[in-house]
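Encoded as structure tokens, the structure appears first; notes follow it.
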């Protein structure tokens, strides 16, 4: 989203980087090496569709190769451009470093509105785009590993993986060339929900620290907190669904491209999603009151605001009217650099994108490891865990019998305790641990450094420090 009088998305990322780097003792040359984008490849290719050849423009940007492969999604959107892709690639570098995923940062984009094409046409386009990138090693399990992003999903990732396998018939690790695949095609359980689940885990960890919650002028836990969600796509839907059903939060507003829905008592997230799937928007949805000017609802009263769609929705033109005391950036770059400064001056606490939406790349890391190891998580240890737990249950039942039934287990304890962790449980456990550890690393800088007043600066400092250490280890 473009906003007059403000830096571009890429400039905003650089400004936020510079703010953090100014507080660090980095050699100027190393600071510049970390900040700049290594390379961007632009491809223009033709596909015969509907009786004519149509030319498409795509990008793949590599921001950093301090670790390889470089990692980052591919988005399909009509307004994709080089600056956006390079900004997103930079964010991926810092995101991976913050959550300790051993990847460099990359990003891709194709200038296309996927809603204008049939599925078989999208497959033709995706295969040709993948072909152009694969033959230049811009998709490779050891060099550059894409994932889904806005406008893409499991289907596109499966097509890319198949195209790579066709072009590299003897590569045993071919499936690891891309993540976000369907589970039956080499994917991993929990990948679709990963970014939204990561947003939930990030908020849970934030609310474990009363001192941090108090900085936002809030108290207590997530239960009963009023939440506005902007964008009910994959990330916004899963975050809203988990927060409302598992944490007791109240989704008071859902903002979509055609307007917004409001219900102070709480919106039924599944019902709203089903309505959008059938009608293409939220207008006339019976779950809440409809507002045609959806973006004005960003300014409504709430406890937590979750922008989960595109960059720049909170900018210098509306930042002064934002009432949310806590914002968590489920999207990439939803708050511009100018708006960030305004919000911080008003005491708003922002949980930044390089941390908040890192659930996707974290579970992508798990999928990549699974593809390289050629075995699903849980296969080796699950039944052994169940057998070990059975010994304890048997002993408890023997004790109960010895006491004549005076003591007994909770009715569902035995069933829950005996069930060993499968792939989904292990993925969620790993994601939860990652989000907790990453938040604590940011929090330590936030609270220990006198000149750090916000989590974004703290997050950038942690990430930049780790990238710098990696480059130093390489002799730079």
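The values are calculated or read from the model by the stated rules, or taken from the named source; none is laboratory data. These numbers were taken from a predicted model, which means no experiment stands behind them. For neighbour counting, all protein chains shown are included, and Cβ atoms are generated from backbone atoms with ideal geometry for every residue, glycine included.
Annotations for the structure displayed:
- Every residue from segment 101-121 that is closer than 27 Å to residue 469 by Cβ and either without any contact (Cβ under 8 Å) to a residue 24 or more places away in the chain or exposed (fewer than 15 other Cβ atoms within 10 Å of the Cβ) (or both): none
- Only one entry of 67, 9 meets the criterion of being under 29 Å from residue 195 (Cβ atoms) and in contact with a strand residue (DSSP E or B) (Cβ under 7 Å, 6 or more places away or on another chain), and that entry is 67.
- Residues satisfying the stated conditions in segment 259-279, i.e. under 24 Å from the mean Cα position of the chain (by Cα) and over 24 Å from residue 319 (Cβ atoms): 267, 268, 269, 270, 271, 272, 273, 274, 276, 277
- Scanning segment 124-138 for residues that are touching a residue at least 40 places away in the same chain (Cβ under 8 Å) and not in a helix (DSSP H, G or I) yields 136, 138.
- Annotation note: of 355, 417, 439, the sole residue that is touching a residue at least 24 places away in the same chain (Cβ under 8 Å), touching a helix residue (DSSP H, G or I) at 6+ places or on another chain (Cβ under 6 Å) and farther than 30 Å from residue 105 by Cβ is 417.
- Looking across segment 1-37 at every residue that is surrounded by 13 or more Cβ atoms within 10 Å (Cβ to Cβ) and over 30 Å from residue 314 (Cβ atoms), the one that is farthest from the chain's Cα centre (by Cα) is identified as 30.
- Check on residue 327, part of a strand (DSSP E or B) and either under 30 Å from residue 376 (Cβ atoms) or not assigned by TED's automatic domain parsing to the domain that holds residue 88 (or both): yes
- You will find that of 338, 312, the residue that is at pLDDT below 95, more than 13 Å from residue 253 (Cα to Cα) and out of contact with any strand residue (DSSP E or B) (no Cβ under 9 Å at 6 or more places or on another chain) is 338 and no other.
- Segment 294-309: number of residues that are at pLDDT 95 or above, in a loop (DSSP other than H, G, I, E, B) and either within 22 Å of the chain's Cα centre (by Cα) or surrounded by fewer than 17 Cβ atoms within 10 Å (Cβ to Cβ) (or both): 3
- Per-region count, segment 338-352, residues in contact with a helix residue (DSSP H, G or I) (Cβ under 8 Å, 6 or more places away or on another chain), surrounded by fewer than 22 Cβ atoms within 10 Å (Cβ to Cβ) and closer than 14 Å to residue 7 by Cα: 1
- Filtering 284, 274 for residues that are free of Cβ contacts under 8 Å to residues at least 60 places away in the same chain, more than 11 Å from residue 229 (Cβ to Cβ) and not in a helix (DSSP H, G or I) leaves a single hit, 284.
- Within segment 179-218, considering residues that are farther than 29 Å from residue 302 by Cα and without any contact (Cβ under 8 Å) to a residue 12 or more places away in the chain, the one surrounded by the fewest Cβ atoms within 10 Å (Cβ to Cβ): 184
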